[in-house]
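See below for the structure under consideration.
Read the figures in this text as sums done on the coordinates, not as results from a lab. Note that the coordinates shown come from a computational prediction; the quantities given were computed from them, not determined experimentally. We place every Cβ from the backbone using ideal geometry, glycine too, and count neighbours over all the protein chains shown.
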Amino acid sequence: MKFTDKLIDAVDKKLERFDPLWQAEHGVGGQRSRYYDKTGVAKWREWRGVKDTFYDYSAWLKNLAAMAGMVASAPLPILKGFWEYRWMGSYLGTFMFIDRLFEGYRGTELRIAHMNMYGIVQNLTKKIAFILANDKRLGGGPDSDKCIPFDETIPPLFLKGFKGLTPVPMQTLPEFIICDIDQHIEPYYIDVAESFGLAADVCSRCAAEAGVALDDAFPILGKVMLSTNMPCNASEATSMFQRRRIGLPDFPVTMAMQHAEKEAIPYSRQELLNAIAFVEEHYGVKYDWDTFYKYAEIMNEQNAIELEKWEIFKTPYSALSGIAETLYKLYEWQSANGADPYFNKIDRKVIEIMRQAYEDKYQPFGGKTRHRAFLWGPSAVYYTDFPTWTQNCWGITIVLNMDSTMGYNQIDTSDREKALDDLTALEQRATMRHHAVGGWDNVNAVWDWAKKFNCDMVLMNDNIACKGMLGVHAMMEEQARDLGFHFIFIEHDLEDSRTVSRQDMRNCVNNYMSVVLNEKPLDPTIVEFDDSQAY
Ligand code: SF4
């Protein structure tokens, strides 16, 4: 053993009492001990031992550099953005957000988690700077009319065939990503929508989007917009509010609802072609198939690596799981979607580390995992670190999330007809659309997925306003009993943390684990705590 390693070991031994994992194991504290009550404000950073604390801190600095780069690239638009948009202020919580996502992460799982997270940060910061620099509400910019704004649930890959135009997902900045970061931001927009007379029992994601539109808080770019019926009927309604308020010419990309039926492909494929024709007409440009193939190849590589990851997920030796997997895959697939080759670089590095960890029979989280769970149904956006909590508190690792099973097919880039069919198959299986809607078989597929990934548990997200999922409540309970899965309904209100708090969500798990399974928590400080004022 080298001298430096010996020295590090000695320091680690000396300081181990500051490590929350050690504290929880020895009954003298835990993850929650370092927080101010009710808040997400920590009194000090998590001590993870010398090497991991240093790595975590350097990742923090790297994210800080990406944010500084964002401000430096468009200082005035960023300043105006803070002034104009309430949601911009919530981005200040990003550091706390990342810290809490990876609490309890050590060694290989920590490295992979930060690599994935940096992929999101570098892409998102560039997006924020670009969008604000070209936002017509803030005075516009050189690319304002070269953007194609589209609903974020439409996978943007097919729009990459327009050379010289930039597809911009409309809801990602003011609604989706920001709700992941700050649980208090979307309730404001939901209230705006309801004060305009919107019923209070609709899906809060859709209500929040309607509220952002009514509050004139969407950046305005491009000459037209593409709305959609994806993933569900509630999305159709919010699309209508948005198109009326924003007032740009709109093409609604209405993909087949029963997307697993074979008739769906010709129908949805024609919708994509119609959308392409609409953009061509309004922008006076021609779709370039060779450019599309270039980006499709990028997506193909991402999907090929993803399928290899799945093989490792099936074993106890996957260094990638929980939120490090879920959030990355969701963003890579739905927002970057073949358009950013940096994600391929990350994927190549991560799969190499995963292969090695598998060979070494490395068990993440100190081998403390007790249950392997499949997370099914649309997840609560205001409690992004819920999978981190299930691992740290009860040793439940989230092996895979429903939304990570989005379109994973390859696109044939040698034949235009085949390419179109493959693209349609991929586009139809978008966020939530793949399994939360589209017929009973889609929802019920959870058992096959859970079995395939060797899970003993299913955590069923129960968005109390998701009409599709509510209808199947009792049937899912029955199936779980018959098939012998541990099964927990996690009630939540998707983007409105006032209705079902984070603690209410935790209690769903706490009750099952303590009353039904009679298990003891790994960390008693996080069984019940008040984080109602946290970002
Ligand atoms: S949670 Fe349900 S209701 Fe809301 S957008 Fe998703 S599928 Fe639609």
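Show me the three semi-axes of the equivalent ellipsoid for segment 146-286, from the C-alpha gyration tensor (sqrt of 5 times each eigenvalue), largest first, rounded to whole Å.
26, 18, 13
Report, by chain and number, residues whose modeled amide H sits under 5 Å from the one on ALA256, excluding near sequence neighbours (fewer than 5 apart, same chain).
HN-HN under 5 Å from ALA256: SER268.
What distance in nm separates the simple spin-label points at LYS418 and PHE196, each placed 7 Å from Cα in the Cβ direction?
Here the modelled spin labels are 4.6 nm apart.
Let me understand segment 345-391 better: what is its radius of gyration from the alpha carbons, and its Dmax, in angstrom?
14.0, 36
Taking 0.36 nm per residue of sequence separation and subtracting the Cα-Cα distance, how much length would be gained by fully extending the chain between MET1 and TRP289, in nm to one decimal?
98.0 nm
Around LYS345, what is the net charge, scoring Lys/Arg as +1 and Asp/Glu as -1 over all other residues with Cβ under 14 Å from its Cβ?
Cβ neighbours under 14 Å give a net charge of -3.
For the chain, find the longest principal axis of its Cα atoms and tell me its angle to the long axis of helix 204-214, 0 to 90°, nearest 10.
50 degrees
So in the chain, what percent of DSSP beta bridges are antiparallel if you round to the nearest 5?
If we restrict to bridges inside the chain, about 5 percent are antiparallel.
How much length would be gained if the chain were fully extended between HIS282 and GLU477, taking 0.36 nm per residue of separation minus their Cα-Cα distance, in nm to one decimal?
The HIS282-GLU477 span can extend by a further 65.2 nm.
As a test of understanding, state the convex hull volume per residue of segment 288-427 from its alpha carbons, in Å³.
110 Å³
Suppose only helical runs count, i.e. DSSP H with n ≥ 4. What mean residue ellipticity at 222 nm does that imply for the chain under -39500 (n - 2.57) per run, divided by all residues and rounded to the nearest 500 deg cm²/dmol?
Here the helix-only value at 222 nm equals -15500 deg cm²/dmol.
Sort 261-267, 489-495 by the packing proxy (mean of other Cβ within 10 Å over each peptide's residues), most packed first.
489-495, 261-267
Note down the Stokes-Einstein diffusion coefficient of the chain in µm²/s, whole number, using a Kirkwood radius over alpha carbon pairs, 25 °C, and 0.890 mPa s.
103 µm²/s
Between segment 462-518 and segment 7-79, how far is it from one alpha carbon centroid to the other, in angstrom?
Computed from Cα coordinates, the inter-centre distance equals 31 Å.
What's log10 of I(q)/I(0) for segment 225-370 at q = 0.10, 0.14, 0.15, 0.16 Å⁻¹, Debye sum over Cα points only, no solvent?
Reported log10 I(q)/I(0), two decimals: -0.53, -0.89, -0.97, -1.03.
How far, in nm, would the chain grow between SER514 and GLU491 when pulled straight, counting 0.36 nm per residue and subtracting the alpha carbon separation?
6.5 nm
Provide Rg and Dmax in Å for segment 36-166, with only Cα atoms included in the calculation.
Both quantities, over Cα of segment 36-166: 17.7, 52 Å.
Diagonalise the Cα gyration tensor of segment 149-222 and give the resulting equivalent ellipsoid semi-axes, square root of 5 times each eigenvalue, largest first, whole Å.
Equivalent ellipsoid of segment 149-222: 26, 12, 11 Å, largest first.
Taking the alpha-carbon centroid of each part, what is the distance from segment 329-362 to segment 211-268 in angstrom?
Rounded to whole Å, the Cα centres lie 30 Å apart.
On a straight-distance basis, which lysines could pair with LYS418 in a cross-link, Cα separation under 28 angstrom, same-chain partners fewer than 8 positions away excluded?
List returned: LYS160, LYS163, LYS262, LYS286, LYS294, LYS309, LYS329, LYS345.
Amide H to amide H under 5 Å from PHE150: which residues, 5+ apart in sequence or cross-chain, H placed 1.01 Å off N in plane?
VAL168, MET170, LEU226
Normalise the Cα radius of gyration of segment 253-338 by 2.2 N^0.38 Å (N = residues in it) and let me know the number.
Computed over Cα atoms of segment 253-338, the ratio equals 1.43.
For segment 1-64, what's the radius of gyration and Dmax over Cα atoms, in angstrom?
13.7, 45
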